[in-house]
């Protein structure tokens, strides 16, 4: 598996995110993102883990900025080799909620609000 640092300055959520939990109870938010780069679109699966995964209220159509490690997962399928790019997100910013101007806050368990640039 190869890894490299990546920043998506403006990426759109193209599928409603899915919150899952590992066997040990760690939350994982799976995101399907599109980055419009030049003449083509780049689709990336993003994964945000830990408490921030439960805190983010993100849905299809939202505009995000993400920082993380781009990883290539390669496996052997019956029909041949398959590759998948995904990004392990370390910082996530909500730039614009679908249909709403910028919303740069996330609600914590104690109802305090903090900027939505959570480091993991």
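Length gained on full extension, residue 14 to residue 69, computed as 0.36 nm times the residue gap minus the Cα-Cα distance: 17.8 nm. From least to most packed, judged by other beta carbons within 10 angstrom and beginning with the fewest, 24, 98 follow the order 24, 98.
Mind sorting 47, 13 by how few other Cβ atoms lie within 10 Å of their own Cβ, fewest first?
Working: 47 16, 13 20.
In increasing order of surrounding Cβ atoms, one gets 47, 13.
Legend: ranking of residues 63, 48 from fewest to most surrounding C-beta atoms inside 10 Å; resulting order 63, 48.
Bear in mind that the values in this text are calculations on the coordinates, not laboratory data. Everything numeric in this text was worked out from a predicted model, so none of it was measured. Note that we place each Cβ from the backbone using ideal geometry, even for glycine, and neighbour counts take in every protein chain shown.
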